[in-house]
Every structure is written in C-alpha cells, then in structure tokens.
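The values are calculated or read from the model by the stated rules, or taken from the named source; none is laboratory data. Since the structure is predicted, the reported quantities are computational estimates derived from the model, not experimental observations. No Cβ is skipped: glycine too gets one built from the backbone with ideal geometry, and neighbour counts run over all protein chains shown. Ligands, DNA and RNA are stripped out before the accessible areas are found, and what is left, the full protein with its side chains, is counted by its heavy atoms. Shrake-Rupley method; radii C 1.70, N 1.55, O 1.52, S 1.80 Å.
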Amino acid sequence: MKKTIILLSIFSSVLSGVINARDFTPTAVKSDQWIKSWLVVGPFTLSETKTYSTDFLESKGGEEKPALKVGDRIDYRDGMAQVISYNSPDSVIRFNIKNPENNPAVWYAYAEVKSNESKLRFLTFDLRDGGTLWVNGEKITDQKSPNRNYSTPVTLKKGKNTILIKFLLNKNNLQFSAKMQSFSSKRLLSAGDLFRISLSSENEPQLSSFFSGAVLKQIIQKAELEVFDHSDSSVLKKQLTEDFLPKLSFPAKDFRPYRAEISIRLKNGEVVNQSLFFNSGDKREYTLFSDHTTKYRIVLDSNASESERWAAQELQHWLGEISGAQFPIQTFGTKFKGPQIVIGYNDFVKNRISAKPPEPSDESFSYVNDGADILIYGGQQRGSMYGVMSFLESEFGCRFYTPSVSMIPKREEKKFYFFDHKEKPAIRVRNDFYYEAFDPIWAARNKMNGRMTHVLQPGGVEAYWSVHTFFKLLPTEEFFATHPEYFSLVDGKRISLRGQLCLTNPDVLRILLERIKERMRENPEYLIYDVSQNDWRNPCQCENCQAIAKQEGSESGPVIWFVNQVAEAVEKEFPDKFIGTLAYQYTRKPPKNSRPRQNVVVRLCPIEACVSHSLEECPQNKSFMDDLTGWSKIAPHLYIWDYVVNFAHYIMPYPNFNVLQSNIKTFQKNNAIGIMEQAAYQSRGGEFAELKAYLISKLLWNPDCNTEAVINDFIYGYYGRSGQYIRRYFDLLNSRITPETHMHIHLGPHDKLFSEEMIAQSCELFEQALKEADNEEIMRRVEMAYLPILYLKCKRNPVVARYDGTYERFSNIAKREGITHYAEYKEAISDFNKSMENAK
C-alpha cells in the first residue's frame, strides 16, 4: 500500500498544471490529428496474484466496457488509483514518474471520440513499453513488447467511440501518443502482408495476421484461400469466416512446401491478393548415402528414352564420384525393396504424385520426393535429362565448366527432408556458339539444345541448316552464264560476283523451291532450313524487286515476300519444319505491310550494335531497337543471331560482360524463340572463352540468373587459388567501360579503351596468379587467361614485345594449347607472325 501511495502522490504533483475536474466529453475525429484529451488511471501494482492480465477496472464496468469519470477512486487489494483528466499541450502524453524501485505497474488511458459516420479509420499509436488496445470494447491488439508507430485499422461507429489503452510500466516514465488517420489499402499493406502462415509446435500450419481477428472482421468482407502443392494441384479450398484465422488441415503427408493464394475483399470494396509459401507435414529425414554406401537404386521405365537412359548413367557416375557408393540402374520389372531415384515420367510417377504427363518435347522438369523416393521427370526428349543435371548441380554443387574440367565435390553423407524443384527454359532454342561449347556432352550437361549443324548429342538438338544460302541453292557457276536474269541487277547490270538473287523471277522461286525440298528430304534431322541473302549487299535493283521494296519501305520486303512463298509450298510435306531467313544489314528493317508466315523464322542480327552498353540504353543502338520491336510485333518466330566476340582479334581483351544478361533479357522480352551467341568458333583461344561460354549457357536457360554468382563460381572453381587475381583483373578490365566508351565487334588494339597503365596492372595480377597456382594444370589455365594481355602488348608495341620475350611467351602458349585462329579469318596467325618478325 505504501509504494502505491508514494507513486500516486508523485504522479499527482507532476500533473498539477493539467488536471481538469470538468466532465469528460468526446472530441470530434479529424484525420492526422493527435488525440490530446484522456482520462488516466493508475498505478495498479503487480504482484503474484495481480498480474498484467488482471482486469483492474472490474468495479468500473471492466476493460471491455469501462465507465470512468474524473475523480473516480478504484480500490484494489494492494492499493488505490484515481481517475484523472489530462489535456496534453502536444501530441505526446508524457508523465515523468519517479519509480526508483522499478516496481512494475499497470496504467490505463481512456478517450472518447466522435464520428459523423460509420467508417474505417487507422488508429496509429506509440507504446514505449507495449500494451493492450480496446476500441468500442473489442480488443484490437495485445503488444507485450515495445512498439513504435503501430497502426491498426478500426471501425468507428456513428456517434461516440471509446478507446482504452492498458500500459505496463516497468521503469520511470509513462509516455504514449495516438491519432486517427484515413484508411487506405495501400497503408494497410505498408506494414506487410495482411496474412501470414506459421507452424505450430506440431508443424500444423496456422493462418495468422499482423492484426487481430477483431480487426480483420472490421475490415474484411470476404476472404477465400486456396492451397497448392508442388505440382500446382489444389489441395485445399476454404472460405475464411469468423475471425479469418483458421487452422489449415491437410491430409497426413511428408514434409514439403506449399503455396497459398488468398483473395481478400475489403469492406470498402477493394480487392487484395496475397501469395504465401510455407511448409507442412511430417518432417522425416532420409539418407541418400552415408559412409560410401546407399540403399537406393536408379530406376527407369522399360520405355525410357535414350536421353533418360543417358541421364541415368550420368547420375550413377557422378553420385558415385561424390559419395563413393554404387547406385545400380534397374527397370521397374526388377525386384527391389529399398528406396529409389525414378527418372522420367511414367505410371509410377503418375500414381504417386498425380503429375500431368508432359509433352515429349517439353524441356521443363521437376524433381521432388515422395517419402524416401526421389522423382526426376520432364519431357522424354530432354526434360528428364535436364532435371538430372540440375539435381546434380543444385543439390550437390556439381559444375561442368568446360568439356574437360568439372568440379565434383566429395561428400560423406547426404540427408534430406524434401525435394521440390522445378524449372523451365526461358528461350526455346539456345545456341552457345563458342568452340568450347560445341562438345555435345558439355552442351547436354549445360542445357544447350541449338546448333548450326546437326550433331549426335544426348537428347538431340534443334539444328538450323546453313546460312547465306542464295548462291548455295542457285550457284552462279551453274546458272549465271545461261540465266543472268536469275541474279541481282545492280547499276543496270546483272552481276555474279558478290550479288544476290532476283527474287521476283518466277524461275528462281521454282528452282530454289525444288532444291530446298531436296535438302529437307536429305537432312530431315534439322528444325529450320535457311533461305537467306549472301553475306554482302547488292540486292536486286530490277523494277519488280524495287517495287516491293519501296512499297514495304525496306529491302526485307522482297525477301519476306519470297520466303513466304517457299514456306507455303513446303508446309504440306513438312508441317513440323520451318523456313528461316535473315534480317541482316540491308534487310534488318522490318517491312511495313508484309508478315512472315507461321512457319517462317526470322533471324535478326545486331551486327552494328555497340556492345559496351545494353541495347536498350545506348543511343547508338536506337535504330536496332526500333527494328527489334518492329520485328517482334510481326514475326511469329524471331530468332536472334547475336555477336559476343571481337571478330578481328578473338584473343584480345573484350570487356562485354556487362551487357550479356541485359541484352539476352531484351531479346527474350521481344519474343525471341531462339538465340545464337556467335563467338570464337573455329578454335580455342577466345578471350575468357571458357568463362563466357559457361555464363552464356546459364543466361540462355535463365536470363534472370545471378550473373555475379555464376562468374565468381567459375573463376574461383576453375582457377583455384589464382582466382582471386583473375577476379581482380576481370574487374579492372570491365571497369574501363564508361558511358562514353563505345565498343563494336571489330575493336582495335590502339583503342582508347586500353592504356599502358592498365596493361601493366594486368600483367602484375597475372604474375601473382601464376605464383599462386595450385598445380601445373591451374597454371596452364591462368596462362590461357593471360594470352589476351600478351597479345595486346604485341599488337601495341611489337618491337618491345619481340625483344622482351612477350611474343615468344605468347607464341609458346598458343602453340601448346592448339589455338588455330587469332581472328575469324584464317590468315590472322600468319599475318600476326609476319608483323612481329618484321618489327624492328
């Protein structure tokens, strides 16, 4: 009793200037205006029998219906408290109470506000030590911890509304503030999702909210919930009623992820949608392998495709490398009692998880577990195979950097609770046109399916037959002497040298059609067959060809007009094939009126583009972007032929890494079904070729991948301890790009991009990298990365490079590594050697 009286007397003295004995009357509600008039009552000292949850206002109507007046005295077992009116001079209600013994006590603050209508509002308040809030007798929130600027929606009724706040005061000061604000769904969601899903101690999912059930009932008119499992099958549909916070009952299942979709209609008519992700089920641990042994087998259906059988062998081999355990490969007809890794979609998968059968060509895949069994399935052609490779990469850290370098981590044990992973390619045809990427096993492991020529590759390829085919199909040596009218009329003369075809000549169409059909019959393994211009200019200037070109506003007009006729003529015999053509240089601009047929593929080429900056950002690329967006609107199948290397100097530094992702995303956004990234394709030796080929494979599959993570993974995995210096060189080189730096596909060694200081810094880094090399093999990889700087030194200062040993060092590495092309043209090596030998 003594402690309470002391506190009350101090409290009264602090309020001596603000106590008002008048009757307490409600104040009108105004948005963004602080509530300054309160009745305050306390302290109520806590004890073993009187805790925070005790209703100290029981004698005055209780906490739900308080009936308080100024001067009311409330007696309780351990003391007495008095109701006092307080009008604050500012927004904060602040009492400087001295409580030297830190006795915990409860205080109440009560206010009445008027509203002219029944309406949703936000009540925003600041509780320094936490507390409980009631509005019109309903408990709105119960915050046991300090809370700053907490906002909760409340429904004010017309007329008088009551607000009661209960505080727990642990120390010396009592302080709070509160105001009404206008309601909006934007403000409602600014604090986070309206709903969330948490798990009980028994792993049962429970729908919960930042707001209480009472608040939810005030603001929500209707809410519907639907829960989906890993296969996107709906497992629960529920109309949320009562307090909108039900338990979510699931059939007993293994621990795994789910996705909940909630549609919420607020009482003000607005609709809010939420997606929530959570886990549920019996969390059992399974052991895939331990201590070099396994109880698992790899199992295939008897009708498994060749690629699925190859994938099973890959999985067996690499799991063996990882674990030291032997995983037998069997078919379902073989008796087996243990758990299994199932590859491919089959009746077993269908019955176990109710997954829909994928199309054979569907490259998307899933790998999930059903109990101890692991199911990896997708389309038969390549989907299941890609699923296996992703399983190895994502779950075990396997990396297939180059055809000859893989990183396979060793593990003593692998345990798991669940697998639930699915992917699909962003680009249908993915052609990584680096020499290093041509290896069919590497390509299959890294999900590359596009080729310029058909090769035997696990899962097959989407091959594009030839390019620049006008003279391949109608050779000048065969026809020009007798039929010059088949070829371009240029400046009043039919030409055979560096010309094109006269596309409006009916005999040209007849002969070319016969010959393309022959190619299609002889080479049925291709997807696309090319009918396109030669790799130079000089389109036909005859009256008929130019009439079409003028009408269409582009030289692409006669080409599309011609190719459409070819495509229409072959469609009946070859319904699943495409005729391809180029939008390249003089045909890059799309036609105004014509539209490519459904079985025509247009290959658009940004050969003139700046590759220092993204296509969408660089002013030099505006004309290409105009053409890209134009073609994307009219071409049913747009295929990009992109360029990612310096064709004049394959080996020279070429810092275009910053645009690889953004440009691929630009192509994807403009409906490209295929992308070919043409690079150093005749031999090894392109600048950072191994890294770029690997990064491009990741980007073509998933343009949103984390490129920094991929680059770091490769550099530190491929170069070992030397990777730290390779990364510093990589950053140094790419930092040379500025907004004013414009780089194209024929970059020269004396470009302002390079400086002697940069070259010197690069050499220092590579020398450090060589000293740190883990072994002889890593040293050779570092030397390959060093070649561009050595080459640059030779080209910039050939005399010095010849006499200081740079040229000899470069030549020895290039010969050792079997580099046959320094540039796209064959004579580059001999020209380079002659220039170096003649340097004086």
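Annotations
- Each listed q (0.13, 0.15 Å⁻¹) maps to a log10 I(q)/I(0) for region 483-557, found by the Debye formula over equal Cα scatterers with no solvent: -0.44, -0.58.
- Distance cut-off 25 Å, percentage of C-alpha pairs in region 682-782 lying past it: 27
- Whole-number Å³ per residue for the convex hull built on Cα positions in region 366-515: 165
- Over 25 Å between alpha carbons, listed pairs LYS253/LYS415; LYS69/LYS166; LYS50/LYS179; LYS335/LYS447; LYS517/LYS665: LYS50/LYS179; LYS335/LYS447; LYS517/LYS665
- Reachable aspartates and glutamates, given that their alpha-carbon falls under 19 Å from the alpha-carbon of LYS160 and they are not under 8 places away in the same chain: ASP23, ASP32, GLU63, GLU64, GLU112, GLU117, GLU138
- The number of Lys pairs in region 527-650 with C-alpha atoms less than 14 Å apart, excluding pairs fewer than 8 positions apart on the same chain, is 5.
- Among the protein heavy atoms of the chain, carbon and sulfur supply 47% of the accessible surface, probe 1.4 Å, non-protein parts ignored.
- Loop-located trypsin sites (Lys or Arg not before Pro) in region 333-423 (DSSP state other than H, G, I, E, B) with a sparse environment of at most 16 neighbouring Cβ atoms within 10 Å: LYS335, LYS337, LYS410, ARG411.
- Extension gain, ILE329 to GLU226, is 33.1 nm, computed as 0.36 nm per intervening residue step minus the present C-alpha separation.
- Residue-span extension gain [LYS410 to ASP75] - 0.36 nm each, minus C-alpha spacing: 113.3 nm
- The Kirkwood hydrodynamic radius of region 502-597, based on inverse pair distances between different Cα atoms, is 13.8 Å.
- Remark: spin-label model distance ASP243-GLU573 equals 7.5 nm, labels positioned 7 Å along the Cα→Cβ axis.
- Heavy-atom accessible area ranking, 1.4 Å probe, most first, across GLU756, GLU436, GLU543: GLU543, GLU756, GLU436
- Percent of alpha-carbon pairs separated by more than 18 Å within region 743-840: 50
- Proximity of backbone amide H atoms, modeled 1.01 Å from N, is registered between ARG451 and GLU462, ALA463, TYR464 at under 5 Å, excluding neighbours fewer than 5 places apart on the same chain.
- Cα shape, region 239-381, gyration tensor, a/c 1.5 rule: prolate
- Based on the Stokes-Einstein relation at 10 °C and a viscosity of 1.306 mPa s, and on the Kirkwood radius from alpha carbon pairs, region 429-564 is assigned a translational diffusion coefficient of 96 µm²/s.
- Rounded to the nearest Hz, the phi-derived 3J(HN,Hα) couplings of region 255-262 under the Karplus curve 6.51 cos²θ - 1.76 cosθ + 1.60 (θ = phi - 60°) are 4, 6, x, 9, 10, 10, 10, 10, where x marks glycine and proline.
- Ellipsoid semi-axes in whole angstrom, largest first, where each is sqrt(5λ) of the Cα gyration tensor of region 647-709: 22, 13, 10
- Full extension of the chain between ARG498 and ASN116 yields a length gain of 128.9 nm, computed as 0.36 nm times the residue separation minus the alpha carbon distance.
- Debye intensity ratio I(q)/I(0), log10, region 565-701, q values 0.15 Å⁻¹ (C-alpha model): -0.77
- Calculated on C-alpha atoms, the gyration radius of region 194-266 divided by its Kirkwood radius gives an Rg/Rh of 0.97.
- Across region 288-341 the C-alpha pair distances fall into 5 Å bins from zero in the proportions 5, 21, 29, 23, 15, 5, 1 percent.
- Over the chain, the Kirkwood radius and the radius of gyration, each from Cα atoms, give a ratio Rg/Rh of 1.12.
- Taking the DSSP beta bridges with both ends in region 472-615, the antiparallel portion is around 25 percent.
- The alpha carbon convex hull volume per residue for region 436-502 rounds to 120 Å³.
- At the residue level, PHE754 shows approximately 10 square angstrom of accessible surface with a 1.4 angstrom probe and all protein chains present.
- Stokes-Einstein diffusion of region 259-310 at 10 °C, 1.306 mPa s viscosity, Kirkwood radius from Cα pairs, rounded to a whole number: 94 µm²/s.
- Per-residue surface analysis assigns LYS217 an accessible area of about 100 Å², computed on protein heavy atoms at 1.4 Å probe radius.
- The GluC sites (Glu not before Pro) of region 265-322 that meet both conditions, a loop assignment by DSSP and at most 15 other Cβ atoms within 10 Å of the site Cβ, are GLU270, GLU285.
- With a cut-off of 11 Å between beta carbons, the residues surrounding SER623 carry a summed charge of 0, where Lys and Arg count +1 and Asp and Glu -1.
- Where both bridge residues fall in the chain, DSSP classifies roughly 75% of the beta bridges as antiparallel.
- In sequence order, calculated HN-Hα J values of region 67-84 (Karplus, 6.51, -1.76, 1.60; Hz; x Gly/Pro): 10, 10, 10, 4, x, 4, 10, 10, 8, 9, 4, 9, x, 9, 9, 10, 7, 10
- For the chain, there are no membrane-span-like helices by this rule, meaning no whole DSSP H stretch whose C-alpha atoms cover at least 27 Å of axis and whose Kyte-Doolittle mean is 1.6 or above; this says nothing about an actual membrane.
- Volume of the convex hull of region 305-368 (Cα atoms only), normalised per residue: 113 Å³.
- Cα principal axis extents for region 600-641, largest first, Å: 31, 17, 12
- Zone of ASN279's modelled label, taken as backbone nitrogen in region 367-382 under 18 Å from a point 7 Å along Cα→Cβ: 367-375
- Integer Hz, Karplus 6.51/-1.76/1.60 couplings in order for region 30-47, x for Gly and Pro: 10, 4, 6, 10, 6, 7, 10, 9, 9, 9, 10, 9, x, x, 10, 5, 8, 8
- Solvent-accessible surface of the chain, averaged per residue with a 1.4 angstrom probe and all protein chains in place: 44 square angstrom.
- Debye-sum result for region 330-455 in log10 I(q)/I(0), which assumes one identical scatterer on each alpha carbon, at q = 0.18 Å⁻¹: -1.06
- Protection-proxy order for peptides 802-812, 271-281, 34-44, each taking the mean of Cβ atoms within 10 Å per residue, highest first: 34-44, 802-812, 271-281
- Computed [θ] at 222 nm, deg cm²/dmol, the chain (DSSP H ≥ 4; -39,500 (n - 2.57); rounded to nearest 500): -9000 deg cm²/dmol
- Accessible-area value, HIS230, 1.4 Å probe, nucleic acids and ligands omitted, Å²: 20
- Spread of Cα-to-Cα distances over 10 Å intervals beginning at zero, given as percent, for region 224-296: 15, 38, 24, 13, 7, 3, 0
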